Each structure stands twice: as structure tokens, then as C-alpha cells.
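Shown next, in C-alpha cells, is the structure this report addresses.
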Amino acid sequence: MIDVTSLRRLCGLALICASLFFATAVAPAPTPTPPPAPTPAPPALSQQPVVMIYPFDVQTGADARIGQAIAQILGQEMSAAGGITVPPVPQGVKRADFLENARAAHADFYISGYVTPVGDSAAVVEQVVSVDSGVILFSQTAQVTSVADVASQSLLARSEILTFLGRGTQNVGAQASNSPAPSSTNGAQVPIQGIGSIVNSVFKHKGGKTPTPAPVVKPSRGVIVAPVTASGSVVPADLSNAGHELYFALNGYYNAQLTAVTTPVATSAETICGENRNNSIATGTLAENGRGKTAFTFTLTLYTCFGAVLGRQSGTGPSIKSAVDAAAAAYAKAHPDND
């Protein structure tokens, strides 16, 4: 027989088991942890970026119309190249109000700058500013002597803007030939001949009617200009300047465009060329001789789209521009058809 003490122990054990069963039965199911929210993608423009271009400030008391003319040329060329919307050049806006005015016009970027006539040429400083942040994204300085020189400034600025937006480098030549003429609200519609006369008056092209130069016939094979590298100790600003000068120099002989690819050309040639294989790729190395009088040496190297070296030339001069120009001229003489 079971004694009273054992019976009490069995009842107590049964009661504990029943309590545990009840607690387990009524306990709520654990709430599942929600998956992490996806990281939002960075904002992107859903349409063409709007670029406001202001008249350039003219230094040394020269004809103020040159600043207006340069803005008109930049606007026309940038609009014709496509991919960017350029409103009419605003008038009477003070430099201190450029950013506020551009924001009111819902522009994404604005371009402004300075012009300083120097003898038969002019030094042009061009700045591209983000309207969102107010920060200068790109700045370049170049010596210009003609309307064509001024127009080339717009193509480089356009390429920098599109690269900043992550839209890659577009072939400016193809865009220009395939894009419709800008409408009356997309850039300034001033006859290029009238603008040219203003520009030429500043460059002292006087003394009778200036003969119209024969059009430059460029070979069908174009040049894609890749970033320049350093040989020895060269400051980054000089490398950037050399890249700009290389674009301008080669564009005088061939149809030039820019690439944002920064990896070595020999291993990235196919990526740089893309589907258009009828191009060569230009890069180079810049070296500075700091002994005594400063001099620069620029070694220009052209590659095929398969990564093979097409040609190599060097130039030396007291400035980066002169060194790059010498190398480009030597290559163009040896390879007039860029082959």
C-alpha cells in the first residue's frame, strides 16, 4: 500500500507537470524579426540635367561683349552635343546671386568664369558648380584664340558633368551629328558669325577682312583621351591640366572624346572603346624637370582598341601645354590618318 507521504509526493509532481503543460500551451509564439529595410538608391536625375551658363567676367577693361559671346558659344555647342538642357543665357545677374538664380530656375549645374585677353589670345577660366551643394565640381583654364577653341571648352565641361552623373562618356561627334538643332528655349540662338566677330575683335584679328580658313578634314578614326599618369613627382593638378591639354591638342587633328575609365589603357582598351572599334586611345606620362629652369616632358602613347601600342612620341617645353602640343604635333605628322 502507498503511504500518505508518497501519495502527497505523487500529487505534487502531477500538479507541477500540469502547470508546465498549461504554461507551454498558452505562451504566445515568438514574433519573427522583420527583414532589414533595403538601402535606398542614391538619387538620380530622371531627365536631362539642366545647365545654366552665365556671361563670363571680362578682365583688364576689354569689350564686355566677349563674356556674353563665350557664354553663347558654350550654350550652343553643349546643346547641339545633346544630353544636356541649356536655358537661355541670363542677363543682369550678379555673380553673388548666381547660385540663388540657378536654384530658382531649377538648374542642376551652372557654369561661370573669367576671360583675360593676353596679346592675340585670351585666358579663359571655366567653372562648373553643383546647384545642389554650391561646390565647384570642375574647373579648367585654357588659352583660346578662336571660336573653335572656345567651343571645345564646352565639350570637356559637358563630358565632366555626364561623368559626374554616372552616365559615362558619350561620343560628342556622333551626338552632334545626330541631335536636332536646339530650340529657341534650349540655348541662345545668336548667329555664330556675329559671335565670331566679337571673339576675333578681342583676339586682335584686325587689319582687313580675315580670310575664312579652309575646313579641317579629320580622319574617320577618332581618338579617345584617357587620363594622364606621372613619371616621377608630379602634383595631381598638373596631371589634370595635362589631360585637358591633350584633349585640346589632339582635337585639332582628330575627332577627340574623353573617357572616365582610369584603369591602365593596355588592359582596359576594349572597355574604353566599347562597340565603336574605329578609334585609338591616347594617354601619356608627364615628367617635370625641376633643376634650374622648370621644363616638362610629355610622352604620348596611342593604343589600338585591342591594347597594342599604335605609336609613341615625346615633347618637351617650358609649360605643360607646350610639351603636350609638341608630342601631339609629332604624332599627327607621323600618323596623319591615326593609323
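Figures for the structure shown
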read-out: Of residues in the range 257-277 being among the β-branched types (Val, Ile, Thr) and assigned to a loop (DSSP other than H, G, I, E, B), the one surrounded by the most Cβ atoms within 10 Å (Cβ to Cβ); value: Thr259
read-out: Some residue of the range 283-298 being at pLDDT 90 or above and more than 18 Å from Val235 (Cα to Cα); value: no
read-out: Failed condition for Tyr254, given (1) without any contact (Cβ under 8 Å) to a residue 60 or more places away in the chain; (2) within 20 Å of the chain's Cα centre (by Cα); (3) surrounded by 14 or more Cβ atoms within 10 Å (Cβ to Cβ); (4) assigned to a loop (DSSP other than H, G, I, E, B); value: (1)
read-out: Search result, residues across the range 55-74 that are under 17 Å from Ser152 (Cα atoms) and either hydroxyl-bearing (Ser, Thr, Tyr) or within 16 Å of the chain's Cα centre (by Cα) (or both); value: Leu74
read-out: Unmet requirement for Thr301, which otherwise passes all of (1) polar (S, T, N, Q); (2) closer than 22 Å to Thr163 by Cα; (3) surrounded by 19 or more Cβ atoms within 10 Å (Cβ to Cβ); value: (2)
read-out: Residue that is farthest from Ser152 (Cα to Cα), among those in the range 228-246 that are surrounded by 22 or more Cβ atoms within 10 Å (Cβ to Cβ) and in contact with a Leu (Cβ under 6 Å, 6 or more places away or on another chain); value: Val228
read-out: Complete set of residues in the range 288-312 that are under 18 Å from Gly222 (Cα atoms) and either touching a His at 6+ places or on another chain (Cβ under 7 Å) or part of a strand (DSSP E or B) (or both); value: Leu300, Thr301, Leu302, Tyr303, Val309, Leu310, Gly311, Arg312
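For every residue, the table says whether it meets (1) within 25 Å of Asp238 (Cβ to Cβ); (2) among the basic types (Lys, Arg).
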site	(1), (2)
Pro55	no, no
Ile73	no, no
Met78	no, no
Gly83	no, no
Pro90	no, no
Arg103	no, yes
Val129	yes, no
Val135	yes, no
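The values are calculated or read from the model by the stated rules, or taken from the named source; none is laboratory data. What you see is a predicted model; the values in this text were computed from it and never measured. For neighbour counting, all protein chains shown are included, and Cβ atoms are generated from backbone atoms with ideal geometry for every residue, glycine included.
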